[in-house]
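The values are calculated or read from the model by the stated rules, or taken from the named source; none is laboratory data. Here the structure is a predicted model, which means the values were calculated and not measured. Please note: Cβ atoms are built from the backbone with ideal geometry, for glycine as well, and neighbour counts cover all protein chains shown. Note: accessible area is taken over every heavy atom of the protein model, side chains too, but ligands, DNA and RNA are not part of it. Shrake-Rupley method; radii C 1.70, N 1.55, O 1.52, S 1.80 Å.
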Amino acid sequence: MTAENEREIYHKLEAMKEIRNKTITLERLKRSILNEVRSGDQEGRCLAQYKREMELLQQEKMSHVEELRQIHADINAMETVIKQTEESMGRKLSTASRLHEDYRPLKAEVDLLRRQCLGLDRLPDLHEEEGSPITPDRFPAAPRAFLAPAPRKPPPPPPAFRSALQQDFLTVQLRQQPPPMKSCLSCHQQIHRNAPICPLCKAKSRSRNPKKPKKK
């Protein structure tokens, strides 16, 4: 075997050794690539699931956001209603208090006149009337300026004078009652019972039960 043949064989052996080593490295790289690809695909499938879950969470979040927005709108509307109701209640109670300031001295004066002139008991207070929504402590206590002075009890008026006052009191009450009425036979409107002519249709008024002429 010549030296040239030996060098050729040696170069082939070196080449085979290099090819073997590089082939082993190539196989190792190939397995690594396949493993990474498989792992990447698996991660991709997981990522798709995660994204789907995220979409569902976002949808749920938006639904809750809409619910919260509606709740806040309802709260704002209710706060407005409460404020308006409080203002209305305050106005009405303030008006009632001002009216009560006028009512209190007038009632004290009426009670005093009833007791001194007619010998009658006082009128019931607001909280003493049946079905009244007013409690005894609804309005503040009367200031001294509103309290009627406690006069000395005068002697009772003479019976005749008291009877005359009572008669005048009854007369006033009777005057306040509506006059007796009847229906017009023509226009059927209510007119005074003794009116000879209807003031509305000018028809002559006739009684439903005319008096029979007395026999001579």
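The conditions are (1) surrounded by 10 or more Cβ atoms within 10 Å (Cβ to Cβ); (2) modelled with pLDDT under 95; (3) more than 30 Å from D137 (Cα to Cα), and E4 fails exactly one of them. Which is it?
With respect to (1) surrounded by 10 or more Cβ atoms within 10 Å (Cβ to Cβ); (2) modelled with pLDDT under 95; (3) more than 30 Å from D137 (Cα to Cα), E4 is out only on (1).
Only one of (1) of a type in the set (A, V, I, L, M, F, W, C); (2) exposed (fewer than 13 other Cβ atoms within 10 Å of the Cβ); (3) within 17 Å of P140 (Cβ to Cβ) fails for L68. Which number is that?
(3)
For the stretch 18-37, name all the residues that are open to solvent by less than 90 Å² (accessible area, probe 1.4 Å) and hydrophobic (A, V, I, L, M, F, W, C).
Those that are open to solvent by less than 90 Å² (accessible area, probe 1.4 Å) and hydrophobic (A, V, I, L, M, F, W, C): I24, L34, V37.
Let's see how each residue does on (1) of a type in the set (A, V, I, L, M); (2) at pLDDT 95 or above:
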| position | (1), (2) |
| --- | --- |
| E79 | no, yes |
| E101 | no, no |
| P105 | no, no |
| A108 | yes, no |
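Can you give me the number of residues within the stretch 113-141 that are of a type outside the set (D, E, K, R) and in a loop (DSSP other than H, G, I, E, B)?
Looking only at that region, the number is 13.
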